[in-house]
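Heads up: the structure comes next, in structure tokens.
The values are calculated or read from the model by the stated rules, or taken from the named source; none is laboratory data. What you are looking at is a predicted structure, and each value in this text was computed from that prediction instead of being measured. When we count neighbours, we look across all protein chains shown, and the Cβ atoms used for this are built from the backbone with ideal geometry, even at glycine.
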Amino acid sequence: MSAETDKNVEMWKIKKLIKSLQMARGNGTSMISLVIPPKDQISRVAKMLADEYGTASNIKSRVNRLSVLSAITSAQQRLKLYNR
């Protein structure tokens, strides 16, 4: 019975997370959705963000470029908070 309850609680948590992600809204290009699989390495994702930062530096529109760079920097800083 407890395994069934644990499964139901886990499903409820996942549904709640999906609903909160669906409600999240950003202003233009100021929001990044970054989903990292459980077994993936943080260093690989950090490198990917660094590469995206370099690519975003080429955006012609000043306002758009600064917004994208700010969002990527924010994601990089959040990523540094994780140990592994």
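Quick one: count up the residues across the range 34-66 that are under 16 Å from the mean Cα position of the chain (by Cα) and not acidic (Asp, Glu). Before the answer, list the steps.
Looking only at the range 34-66, we keep the residues that are under 16 Å from the mean Cα position of the chain (by Cα), and these are 34-53.
Those left that are additionally not acidic (Asp, Glu): 34-39, 41-50, 53.
Residues that pass the stated criteria total 17.
Residues that are charged (D, E, K, R) and closer than 20 Å to residue 33 by Cβ within the range 59-73 comprise just one, 65.
Any chance you could count how many residues in the range 60-84 are among the charged types (D, E, K, R), more than 15 Å from residue 31 (Cβ to Cβ) and at pLDDT 90 or above? Please lay out each step first, then the result.
Applying the first criterion (among the charged types (D, E, K, R)) to the range 60-84 yields 60, 62, 65, 78, 80, 84.
Retained after the next criterion (residues that are more than 15 Å from residue 31 (Cβ to Cβ)): 60, 62, 65, 80, 84.
Narrowing the set further to residues that are at pLDDT 90 or above leaves 60, 62, 65, 80.
Count: 4.
From the list 39, 13, 7, which one is among the basic types (Lys, Arg) and under 23 Å from residue 77 (Cα atoms)?
Working: 13 fails: under 23 Å from residue 77 (Cα atoms); 7 fails: under 23 Å from residue 77 (Cα atoms).
Sole residue among the options that is among the basic types (Lys, Arg) and under 23 Å from residue 77 (Cα atoms): 39.
Applying the criterion of being under 28 Å from residue 45 (Cα atoms) and β-branched (Val, Ile, Thr) to the residues of the range 1-33, the residue that is nearest to the chain's Cα centre (by Cα) is 32. Counting only helices (runs of 4 or more DSSP H) that sit completely within the chain, those holding 2 or more residues that are surrounded by 11 or more Cβ atoms within 10 Å (Cβ to Cβ) and either in contact (Cβ under 8 Å) with a residue 12 or more places away in the chain or of a type in the set (Ser, Thr, Tyr) (or both) correspond to 42-56, 62-79.
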